[in-house]
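The values are calculated or read from the model by the stated rules, or taken from the named source; none is laboratory data. Keep in mind that what you see is a predicted model, and the values were worked out from it rather than measured. Every residue, glycine as well, gets a Cβ built from its backbone with ideal geometry; the counts of neighbours run over all protein chains shown.
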Amino acid sequence: MERSLELANMSRVHEFILLGLSTRPDIRICLFAVFLMLYLLTLLENMLIVYLTCSHTELHKPMYFFLGNLSCLEMCYVSVTMPSLLVGLRSSPCHVPFTACVMQLFLFISLICTKCTLLASMAYDRYVAVCRPLHYPLLMRPQVCLGLAASSWLGGLLVSVIKTSCIASLSYCGPNVLNHFFCDVSPLLNLSCTHVALTELVDFISAIAIFCGSLLVALASYVAIGSAVLRMPSAAARCKALSTCASHLIAMGIFYSVVLFMYSQPSHIESTDLNKVLSVIYTVATPMCSPIIYCLRNREVHAVLRKTLHPRWVSPPRTDVSHY
């Protein structure tokens, strides 16, 4: 009995080896420089959005409140996966202790679930702005916005506790090599040497509740918005209404399409280079592009940015509750 326990302890995995984004030494240095610049750019962009939304009263509105929450989340989100990606490119392969891998998985699941529900809350905000503009101040009052944001963060945390606990409780007795640049759900399930049916069931139910639930809320909001836009009498009114939603719709479409493609695959399929490239899109590209997509055509954000950079040259911006 003692000998069997000793052998089990010796065979238990105490660390995982991440192969990283690329194993080719000739391109790893170039990729390291590129992703380091992208990481710093992402942090700078999102810090700027958080600063502008907090420091300027012109942006103290529900849509900018959610945008500030999203930017704060993106900084945390990219900081969970990017360091291991950079370490893997600098000194491949990357050795990650079991506890650190579980912690990274916990933070990643929590933030990605929070992002889904925040995107759904932003879609609901656009629905109220376009379809029920007269009731907008009441339906999107500060208490409601705070409740939606808090439920997004707490909901993501709760789902992550459940999923991570199930995955961490599995036995890992070798091999311990992950063909990925961070500790993700499917690669870890592939390495487990115990029965994973219950864990896969928990993963499936949580995906239905979070991903599909938030996606249905967002789609229902945009179906209602599209119906309202078609009933508008003038082309100018239709263009203005569509412009309030275009940025969010683009960002949401990119994020959901990649994530749903990634997590709709069976868990037993081995990680491939294509999966890693797709993971780069929703872990690196979307956090970097979100501030640009949301603020590129936003006149209010442009106005407060010009005021911040050149305070003497800027006149007070025109406020518009429904303009995105």
Residue satisfying all of: in the range 166-199; of a type in the set (Gly, Ala, Ser) and in contact with a Cys (Cβ under 8 Å, 6 or more places away or on another chain); modelled with the lowest pLDDT among these: Gly174
Hits in the range 18-40 - residues which are within 27 Å of Pro175 (Cα to Cα) and in contact with a Pro (Cβ under 9 Å, 6 or more places away or on another chain): Leu18, Leu19, Gly20, Thr23
Pairs, please: C-beta under 7 Å, at least 6 apart or cross-chain, first residue touching a residue at least 24 places away in the same chain (Cβ under 8 Å) and under 22 Å from Ile27 (Cβ atoms) and in the range 75-94, second charged (D, E, K, R) and outside any strand (DSSP E or B)? Leu89/Arg28; Ser92/Arg28
So for the range 157-164 (the condition being modelled with pLDDT under 90, part of a helix (DSSP H, G or I) and crowded, with 19+ Cβ neighbours inside 10 Å), does at least one residue qualify? no
Checking Ser84 against (1) surrounded by fewer than 19 Cβ atoms within 10 Å (Cβ to Cβ); (2) in contact with a strand residue (DSSP E or B) (Cβ under 9 Å, 6 or more places away or on another chain); (3) not charged (D, E, K, R), which single condition isn't satisfied? (1)
Output for the range 181-198, where each listed residue is within 27 Å of Val78 (Cβ to Cβ) and out of contact with any Asp or Glu (no Cβ under 8 Å at 6 or more places or on another chain): Phe181, Phe182, Cys183, Asp184, Ser186, Pro187, Leu188, Leu191
Restricting the range 8-57 to residues that are loosely packed, with under 12 Cβ neighbours inside 10 Å and of a type in the set (D, E, K, R), which is nearest to Leu191 (Cα to Cα)? Arg24
When restricted to Val217, Val202, the only residue within 23 Å of Val259 (Cβ to Cβ), aliphatic (A, V, I, L, M), in a helix (DSSP H, G or I) and modelled with pLDDT of 85 or more is Val217
Please verify whether Val102 is in a helix (DSSP H, G or I), surrounded by fewer than 22 Cβ atoms within 10 Å (Cβ to Cβ), touching a strand residue (DSSP E or B) at 6+ places or on another chain (Cβ under 8 Å) and of a type outside the set (Ser, Thr, Tyr), treating the condition exactly as stated. no
Of the residues that make up the range 98-119, is at least one more than 23 Å from Gly155 (Cβ to Cβ), of a type in the set (Lys, Arg) and touching a residue at least 60 places away in the same chain (Cβ under 8 Å)? no
